[in-house]
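**Q** Got a structure here, written out as structure tokens. Questions coming.
Derivation of every value follows stated rules applied to the coordinates shown; laboratory data play no part. Since the structure is predicted, the reported quantities are computational estimates derived from the model, not experimental observations. Every residue, glycine as well, gets a Cβ built from its backbone with ideal geometry; the counts of neighbours run over all protein chains shown.
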Amino acid sequence: MIIKSLKLQNFRQFYGKQSIHFSVDADKKVTVILGNNTAGKTTIIEAFRWCFYCKLNLPHPLEIFNKMAGNLMKPYSEEDVSVEVCFVHSGIEYTVKTSQTFSKDEDDILIRKTKTPEQKIYKKLDGNLENITEYTQIDSIFPEDLMIYLFFTGERLKQLIDQSSIGQKDIRYAVQNVLGLKPIEESLSHLKGVSQAFQRDYHIGSSEQMTKFQSEKEKIDKTLNRLRNDEVELSSEIETMNKDLDDIIERLTRNASKDSGETLKKLQSEKDFKTNQLGEFWKKLGAFNKNYLPNYISRKIYYNNEARFQFSSKNSDEIIDKRLIKAIIDSGKCICGEEIHPGDEHYRNLISLTNDVCDMKISLSIQAYLDRRNSFFDFSQSYLHEVDEKISEIFNTNSTIQACLVSIEDIKQTLVGKEKYQDIKGELDKQNLKIQEKNEKIGALRTDIGINEKETQALDKKIDEIARTDENNKLIFLRKEYSDKLYQEIENYYRIKEERIKSDLTERVQKYYIELMGNNSKIFLNDDYTFMVKDIDGATGTSDGQDVITSFAFIGGIIDLAKTQVDEFIVSEPYPLIMDAPFALLDKEHKERSAKKMPDLCEQFILFSVSEQYSGVIQTALSNRIGKEYNIVMHSVSDVEKYSKIVEVL
Amino acid sequence: MTNDKMVVDLMRKIIELEKEYIYGKTKQKLNKTDKISEIKKIIENSVTIEGEGR
């Protein structure tokens, strides 16, 4: 299917008649549609769904009709809202037009003239449009499930990337349908019913034993029905609980992220540790100074004094000091030969002289001073070094504490008004526990169902054995035998086909993943058709960007498989790929890689984006392949009257 | 005993019918009981006393 054009009339934001002609040129297969948020990009994607399948999720049915068109209508007048898509499928041009009429009553109130939309399908034959609505279902041309893989609104893409439970359900269902498994699966479900219907046809009264077995079977069937109803109820409860779980996970991501919470915790603990360390450092510095600061100050004083004295007299030739005079007095004889007696003149002169001379020689005093000063020298150098180191430690620790405080404040600011991570995490754990309990309950229920099914099967066999040889039931038995055989064969066929599809799909997704991601991580397909990425170390954690790439690779794989798998159910067909802001979560390198690769996944690539995200690497990567470009421009007539206009740029 | 050829023919017929149920304009609206009845009829018409399913 290649889309040629889309025509809108009064559809939501789009007032009056507006149209887009998509590029159908194989070399320039890209159509770019740019518009700000709320301009109507998602509306255009939804318009396709409404046109094809008459489905649209709106809070109120009147919202489909353009507000301005509604305001301009006079009482008793009528206006249509319509979407018309022209496309080529299997070489035939089709036009699908879906419309709904609105009118104004006498009180100027807008009402739906037709409650449901009307769809018309036309086929172009020999240049003329032939109305084929009566005998054609759009699903037979373009199945709705295939649309899941080709038309991506931002929300749909997010579901696929997140692999939420809603996304997973869609994925499994769509893959089975797109790849031709749905009719086989349905036939299995119906054949079970056929076999039971044949058994009900047995003429039970013709054998006493048969009547007995049948009565036993009816009892077990009653129990089985009750158990199965309980199972359905419980499954539905679990499904609702899983949806709630998705909501909690979403809240967890949206609010206080785990990273923020953990970073905050780490920062606070680092701050506390550093604060303790800072106290220790101050203590050590205090103790160190207590021991060594006096010595350091003494060294300073020694040096200061040294500068004041003239130590040139260190080697002076003075010879007398107090000790020499005392020795002369003690000897009783002066060096001049005179006798000295205590109290005589010589004695008094010598005593008087002791007042004028030093205790020891100046040179000896200076030497002692220098010796003492030198003893401080080495230590003083290391003291300064030690103090310097200790003060540096204090400064660094203080800086770290300050940095922690700033970061803590920053993170706290980002968490203002958000729920606490721990609170939501608590809710998540509780919900997981509840689901686990329900799963255990459903497991026990299924075991009971299994036991009862075995019993009923054993009775079926006994009844069949009697029917086989009973003239009245022989033919019914044979038909039932065919029905059971068909079930076995189709089940086997389904299993083989599903295995083949899974293997082919994995191979293709792996190929696209390597091309898009640029590394050799291994892709694994889970039972529910979701994918798991393992890097070369076997790690399975993926970033948002990797999840986007995995989803792109998955989309590519599905389209590829749907295109190339030609068997009794699938016909090879070109496909378009329509995406709203697909590259937003990617880094520059992967934006470029993906923008170059995505058009290769399909025969037509329609990209919706806001201008800021588009300009730069994406625009450059796509530049040679753009065939058409449009801008959606918003116009304000008044505060409440706004509409969007599609403007052709290229 | 079932006849392999007939089983394969019936498989084809049933899967084709299922495609009609899913994509066909007229059959899509049938409920599950009606769909089961249609398949049952296909088997009944193919497996008769005369042919005994062979």
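**Q** To the nearest whole number, what is the average tally of beta carbon atoms from other chains within 10 Å of the beta carbons of peptide A:507-520?
**A** Numbers: counts 0, 0, 0, 0, 0, 0, 0, 0, 0, 0, 0, 0, 0, 0.
Taking the mean over all residues of the peptide, I get 0.
**Q** Under a point spin-label approximation (7 Å from Cα along Cα-to-Cβ), what is the A:VAL406-A:GLN488 distance to one decimal in nm?
**A** It works out to 7.7 nm between the two label points.
**Q** Here's something else I'd like to know. Can you list the aspartates and glutamates whose alpha carbon sits under 20 Å from that of A:LYS454, skipping same-chain ones fewer than 8 residues off?
**A** A:GLU216, A:GLU218, A:ASP221, A:ASP230, A:GLU231, A:ASP464, A:GLU465, A:GLU481, A:ASP484, A:GLU491
**Q** Give me the inter-chain shielding for A:134-142: mean count of other chain Cβ atoms within 10 Å, whole number please.
**A** Across the residues of A:134-142, the mean count of other-chain Cβ atoms within 10 Å is 3.
**Q** In addition: Do the alpha carbons of any pairs in A:LYS97/A:LYS124; A:LYS219/A:LYS485; A:LYS212/A:LYS474; A:LYS438/B:LYS32 sit beyond 21 Å of each other, and which pairs?
**A** In this structure, A:LYS219/A:LYS485; A:LYS438/B:LYS32 lie more than 21 Å apart at Cα.
**Q** Let me have the 222 nm mean residue ellipticity of the protein assembly as shown computed from DSSP H runs of 4+ only, each contributing -39500 (n - 2.57), with the sum over all residues rounded to the nearest 500. Don't jump to the answer; show the numbers that get you there.
**A** Values: 20 runs with 413 residues, N = 704.
So the calculated ellipticity at 222 nm is -20500 deg cm²/dmol.
**Q** Tell me, in nm to one decimal, what length is gained between A:LYS192 and A:LYS497 on full extension, where the rule is 0.36 nm per residue of separation less the Cα-Cα distance?
**A** 107.8 nm
**Q** So, one more: Identify the chymotrypsin sites (Phe, Trp or Tyr not before Pro) of region A:1-77 meeting these criteria: DSSP loop state and at most 10 other C-beta atoms within 10 Å of the C-beta.
**A** A:TYR76
**Q** Measuring from centroid to centroid over Cα atoms, what is the spacing of region B:29-43 and region A:601-615 in Å?
**A** A separation of 46 Å, based on Cα centres.
**Q** Can you list the equivalent-ellipsoid semi-axes of region B:4-46, largest first and in whole Å, using the square root of 5 times each Cα gyration tensor eigenvalue?
**A** Details: eigenvalues 78, 29, 7 Å².
Square roots of five times the eigenvalues give 20, 12, 6 Å.
**Q** In straight Cα distance, which aspartates and glutamates are under 13 Å from A:LYS29, not counting same-chain residues fewer than 8 positions off?
**A** Correct list for A:LYS29: A:ASP600, A:GLU603, A:GLU629.
**Q** While we're on this one: Among the DSSP beta bridges whose two residues both lie in the protein assembly as shown, what percent are antiparallel, rounded to the nearest 5?
**A** If I count the DSSP bridges inside the protein assembly as shown, around 75 percent turn out antiparallel.
**Q** May I ask you to compute the full-extension gain from A:ASN57 to A:HIS203, defined as 0.36 nm times their residue separation minus their alpha-carbon distance, rounded to one decimal in nm?
**A** Contour length minus the Cα-Cα distance gives 47.4 nm.
**Q** Mind checking the alpha-carbon convex hull of region A:20-177 and giving the volume per residue in Å³? Intermediate results must be reported in sequence, preceding the final value.
**A** Numbers: hull volume 26.7 nm³, N = 158.
For region A:20-177, the hull spanned by Cα atoms encloses 169 Å³ per residue.
**Q** In chain A, which whole DSSP H runs stretch at least 27 Å along their own axis (Cα) and average 0.5 or higher on the Kyte-Doolittle scale?
**A** A:544-564
**Q** Rounded to the nearest 0.05, what FRET efficiency is calculated for A:LEU129 and A:VAL232 with R0 set to 56 Å and r the Cβ-Cβ distance?
**A** Working: r = 47 Å, r/R0 = 0.83.
My answer for the efficiency is 0.75.
**Q** Sticking to Cα atoms, compute the Rg of chain A to one decimal and its Dmax as the biggest Cα-Cα distance, whole number, in Å.
**A** 46.6, 172
**Q** I would also like to ask the following. Past 26 Å, Cα to Cα: identify those pairs from A:LYS192/A:LYS434; A:LYS115/B:LYS29; A:LYS123/A:LYS563, in the order given.
**A** Too far apart for the 26 Å limit: A:LYS192/A:LYS434.
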